Amino acid sequence: MEKILIVLGMIFELISGQPHRELIPNIVNPQQVIWKDMDHVIFVKDADIFEYNTVEKKLENIGTRKPNEFVGLDGNKNIVLCGIEHFLINSKDEFSTIFTINGKELKFFPTIRPISLDSDTILAVTALDFLEQHYYEISIANGEMKEIDQTKDIEYQTLYVQKDFLGNVYLNYDTRELFRYAIRTLKHQLD
């Protein structure tokens, strides 16, 4: 009987077309939100790293970080930490930023901070707010840095995270869009 009620509830929600919003428990004002995949969102809150399963509605503490570390994902979607150090300098010939990833140091003159770390690429921005904002793409493999246009936030169109003015975090989605996504995914897997 319980399974029938779940199926009926899903059908009524699909028919209604109402957007769905659910509070993610115990997460307030996260420093980072990272989509691992459609079913998993990673939240970085102070020193703790949490993974939220959007299907099972479970929040799990999966690690910790130091205050000067940025969290990203490697090519296998595992957590990778990027240490950040800034230095006072006397000339442009000196480096003012060091990123440390898996024991490898990447040194740069502009004082920058990471805004995204995915696989072999770091996206960074000028770290000091009073300076003109520049965006950079950095290859972790060879340390090459090139300036790019302002980055756009990447988020799943069917699922997205929203924060209210109190810092509470909500998962928002449209059930019809999720259903369409599931059908497309299933069709692709069957082809």
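The values are calculated or read from the model by the stated rules, or taken from the named source; none is laboratory data. Fair warning: this is a prediction, and the values are worked out from it, not measured in the lab. No Cβ is skipped: glycine too gets one built from the backbone with ideal geometry, and neighbour counts run over all protein chains shown.
Return yes when LYS45 is of a type in the set (D, E, K, R), closer than 17 Å to VAL161 by Cβ and either surrounded by 13 or more Cβ atoms within 10 Å (Cβ to Cβ) or in contact (Cβ under 8 Å) with a residue 24 or more places away in the chain (or both) and no when it is not. Against the criterion (of a type in the set (D, E, K, R), closer than 17 Å to VAL161 by Cβ and either surrounded by 13 or more Cβ atoms within 10 Å (Cβ to Cβ) or in contact (Cβ under 8 Å) with a residue 24 or more places away in the chain (or both)), LYS45 qualifies. Please go through (1) modelled with pLDDT under 90; (2) not in a strand (DSSP E or B) for PRO30 and return the number of the only condition it doesn't satisfy. So PRO30 meets the others, but not (1). Residue count for the stretch 53-91 under the criterion of being farther than 23 Å from LEU159 by Cβ and of a type in the set (S, T, N, Q): the result is 4.
None of ILE98, ILE79, ILE89 is in contact with a Gly (Cβ under 7 Å, 6 or more places away or on another chain) and of a type in the set (Val, Ile, Thr) except ILE79. Filtered by the rule that a residue be of a type in the set (Lys, Arg), in a strand (DSSP E or B) and modelled with pLDDT under 90, the stretch 135-168 gives a lone residue, LYS163. The residues on offer are LEU117, LEU171, LEU123, and the sole one that is under 24 Å from ILE79 (Cβ atoms), modelled with pLDDT under 90, assigned to a strand (DSSP E or B) and hydrophobic (A, V, I, L, M, F, W, C) is LEU171.
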